[in-house]
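To keep things clear, I will list the structure first and then write my remarks on it.
The values are calculated or read from the model by the stated rules, or taken from the named source; none is laboratory data. None of the values given here were measured: they were computed from a predicted structure. Quick reminder, even Gly has a Cβ in these numbers, built from the backbone with ideal geometry, and neighbours come from all protein chains shown. Calculation scope for accessible area: heavy atoms of the full protein, side chains included, ligands and nucleic acids excluded. Shrake-Rupley method; radii C 1.70, N 1.55, O 1.52, S 1.80 Å.
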Amino acid sequence: MKNIFYGLFFVALACSLTGCKKFLDQKPQTEIAADVFWKSEDDIKGGVAAMYDGIQSIFDNNYTLYGDARTDEVRVGQYGNISYAMNGLAAGITGSDWTNFYVTILRANLGIKNIPIVKAKYQTGIDQKAINHYLAQCYTTRALCYFWLIRLWGDVPVWTEPYDDISIEPNRARTSKDIIIDTVILRDLKLAASLSNPSLNNVYEANIGATYSLLMDVAMWKKDYASAITWYDDLVALKKYSLEPTATWKNLFINPTATKESIWSVYWDWTLDGGADVSTLIGAGNTNSDFEVEDSVWTYWTKTPADIRGPQTIDFKNSSHDKFLKFYAPNLDAKGNQLYPNGAEANILFPIYRWADILLLRAEAANKLEDRPTALKLLNQVRARAGVAAYRADSLNNQPIMENAILAERKLELYMEAKRWFDLERTDKVIEVMDPILKYRQTRMGSPAVGFGDPRTILWPINRNVLDANNKLVQNPPY
């Protein structure tokens, strides 16, 4: 049985792979041996589709848990798990299992290994540019998975080849996150950039813009601001991206193919994929949400009516403050109240990268390099699109003040887009920002105000089932 399991792998059966959306929605239906499956371009499309299905599984429920739940954007409502709001993660909590990341990495590895074999051995007529583009998507997806893994768990095991042979040792120890960045993530992304076809710009695929955006994000994480600017310049050179006009800002979340701001989003169709589980955390029609809008965010937007993002992001008519309408198209009843889909019918087109995100990262890099005029210009571009007043240069006259202004703008512009936690982590501000908030939350509940606690808990715990399955893993202290 074990031999059968490890000799097989998940792939998508492609019955008719016509049309981009259908291709992206092909679901793994069974397990097929490599020497049976990888023989045609349709098989390649099926394997790549299975990889995108893995990305859907990663973000399905955890998009909010990883990027927003532990931040000053939200608080936990009466139906949610207070552990997220109070930095009380444990090895059994939802989100602590990294299995879906490694399933997706496996599928990317299978593509990297087998796509060239299909052309060399079975279907030599496939255009090499097409082969290269399939490979670029695999490399970028693998890099994305490892980038999220190291930011959430720190050091993690590395697989750069598929586990398709029983003779391969299944257990691996953790590799240093810094080594992973330099020898896996950056290597994969630079290779993807060399292979990707710039004329193909499907927002639901790991396209060239997605690759450059990820390269820029990784450089910011490394505090390599000069390299971040280089990758930004490569994005600009594509001449593909610009801010969506104010009047149609909502397109970014309900119709990303209709805007030049979207770079990479996750496709979702509930009729094929089932409902996106994250809807039950932030706003579904058939259940209470786990999370509520943090008071500071609610107060800002209700007192700043000029900011067009507020009423399109949170539901001002909801007295419980627990409905986030950002990812839903307007759908009003006779009284003007937003109608939310049931969780089983919810489509969430998770943004991974978009142009406002990139502009604000570029502003952050400029500020770090003491180029505050450029930082101010880019920051004010995003504010102008939002309908709020520009900052004056004399109000942001040093690096810390400018950085805080940029991060505050990212918090509003990218609200609930799985960015805030990583912004705080990248800029070493987790404890600075969250410690007073946790103290306030504790006193509000009548508990001693101990604050953030152990700084090692910035990282997530490894799920106990993952630890049990790999005897070479060691838990993140102090969990």
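In terms of its Cα atoms, region 274-342 spans 36, 27, 18 Å along the principal axes, sorted from long to short. The share of accessible area on region 394-474 that comes from carbon and sulfur is 54 percent, using a 1.4 angstrom probe. Divide the volume of the convex hull around the Cα atoms of the chain by the residue count and you get 150 Å³ per residue.
In order along region 370-387, the phi-based Karplus estimate (6.51 cos²θ - 1.76 cosθ + 1.60, θ = phi - 60°) of 3J(HN,Hα) comes to 6, 9, 5, x, 5, 4, 5, 4, 5, 4, 6, 4, 5, 5, 4, 4, 6, x Hz; Gly and Pro are listed as x.
Per residue, the accessible area of region 131-193 comes to 32 Å², computed with a 1.4 Å probe over protein heavy atoms only.
With all protein chains present, how much of the accessible area of region 42-166 (probe radius 1.4 Å) comes from carbon and sulfur, to the nearest whole percent?
Details: 1650 of 3490 Å².
Ligands and nucleic acids excluded, carbon and sulfur give 47 percent.
Database remark: amide H of Val74 closer than 5 angstrom to the amide H of Glu294 (H placed geometrically; neighbours at sequence offset of 5 or more, or on other chains; Pro and chain starts carry no H).
Counted residue by residue at 0.36 nm each, then reduced by the alpha carbon distance between them, the extension gain from Ser242 to Ala120 reaches 39.9 nm. Label sites at Ile168 and Leu369, each approximated as a point 7 angstrom past Cα along Cα to Cβ, lie 4.0 nm apart. Taking every protein chain into account, the 1.4 Å probe leaves Leu376 with about 30 Å² of accessible area, to the nearest ten. Between amide H atoms placed 1.01 Å from N, distances below 5 Å from Val156 occur with Thr175, Lys177, all of them 5 or more places distant or on a separate chain.
Evaluate 2.2 N^0.38 Å with N set to the residue count of region 196-317, then give the Cα radius of gyration divided by it. Display every interim value, and only then the final one.
Values: Rg = 17.7 Å, N = 122, 2.2 N^0.38 = 13.7 Å.
Cα-based Rg divided by the globular estimate yields 1.29.
Taking the C-alpha atoms only, the angle from helix 186-195 to the longest principal axis of the chain is near 70 degrees. Each residue, Lys113 and Ser40, gets one label point 7 Å from its Cα in the Cβ direction; the gap between the two is 2.3 nm. Largest to smallest in accessible area, the residues Ile58, Ile401 fall in the order Ile401, Ile58 (1.4 Å probe, all protein chains included). Farthest toward the positive end of the dipole of region 359-466, out of Pro373, Gln399, Val466, is the Cα of Val466, where the dipole comes from beta carbon charges about the Cα centre. Across region 274-291, computed HN-Hα scalar couplings (Karplus, 6.51 cos²θ - 1.76 cosθ + 1.60, θ = phi - 60°) run x, x, 6, 4, 4, 4, 6, 8, 10, x, 10, x, 10, 7, 6, 6, 6, 10 Hz from first to last residue, x flagging Gly and Pro. Taking all protein chains as shown and a probe of 1.4 angstrom, Lys377 keeps an accessible surface of around 130 Å². Couplings 3J(HN,Hα) for region 256-268, derived from phi with the Karplus relation 6.51 cos²θ - 1.76 cosθ + 1.60 (θ = phi - 60°), are x, 6, 8, 10, 7, 7, 5, 10, 8, 10, 8, 6, 8 Hz, where x marks Gly and Pro.
Counting charges near Tyr84 (Lys, Arg +1; Asp, Glu -1) among other residues having Cβ under 15 Å from its Cβ returns a value of -3. A cut-off under 11 angstrom between Cβ atoms defines the neighbours of Val388, and their net charge, with Lys, Arg +1 and Asp, Glu -1, is 0. When its C-alpha radius of gyration is set against 2.2 N^0.38 Å (N residues), region 94-171 gives a value of 1.26.
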